[in-house]
1. How much space per residue, in cubic angstrom, does the convex hull of the C-alpha atoms of the chain take up?
2. Among all the lysines, which ones have a C-alpha under 24 Å from Lys40's C-alpha, if same-chain residues fewer than 8 places away are not counted?
3. Out of all DSSP beta bridges in segment 1-50, what portion is antiparallel? Express it as a percent rounded to 5.
4. Pull up the cross-link candidates among the aspartates and glutamates for Lys41, meaning alpha carbon to alpha carbon under 20 Å and not fewer than 8 places away within one chain.
5. Choose one of Leu16, Asn82, Leu33: the residue whose Cα lies farthest towards the positive end of the charge dipole of the chain (beta-carbon charges +1 Lys, Arg; -1 Asp, Glu; about the Cα centre).
6. Describe numerically, in nm with one decimal, the distance between label points set 7 Å from Cα along Cα→Cβ at Cys44 and at Glu13.
7. Could you give me the percent of Cα pairs per 10 Å distance bin for segment 1-50, shortest bin first, beginning at zero and ending with the bin that holds the maximum distance?
8. Measure off 7 Å from each Cα along the Cα-to-Cβ vector at Thr78 and Leu29, then give the distance between these two points in nanometres to one decimal.
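Nothing in this text is a laboratory measurement; each read-out follows from the coordinates by a stated rule. This structure is a prediction, so every number in the text was calculated from the model and none was measured. A quick note on method: Cβ atoms are made from the backbone with ideal geometry, for glycine too, and the neighbour counts reach across all protein chains shown.
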Amino acid sequence: MEIIVREDKRQVEIWLTRAERDDVQVKGLLKPLFAEYKSKKYLCVMYNSGDGDLFANTRDLLLRNREVIAKAMSSEETLATNSG
């Protein structure tokens, strides 16, 4: 588990491993931490480790983003050609 307090953003990040995310005791230990920072008006964010292949998922995300950007640029070019 890693806990990062970002004073400038009034934010607390809690990073859990796969084992920790499924552990009821860990979640019980985090409740007082959430309550403490919530009372200070901090945003508490918990990140849970996933089960997927990080490389494959990142690759797929980047490929999808590239497709979306290419489609958006193509649409802009079409609009510019038709209006000019």
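1. Taking only Cα atoms, the chain has a hull volume of 146 Å³ per residue.
2. Lys9, Lys27, Lys31
3. Close to 45 percent.
4. By straight Cα distance, Lys41 reaches Glu7, Asp8, Glu13.
5. Highest projection toward the positive end goes to Leu33.
6. With each label point 7 Å from Cα toward Cβ, the separation is 1.8 nm.
7. Bin by bin from 0 Å, the calculated values are 26, 54, 19, 0.
8. Each label point lies 7 Å from its Cα, and together they span 5.5 nm.
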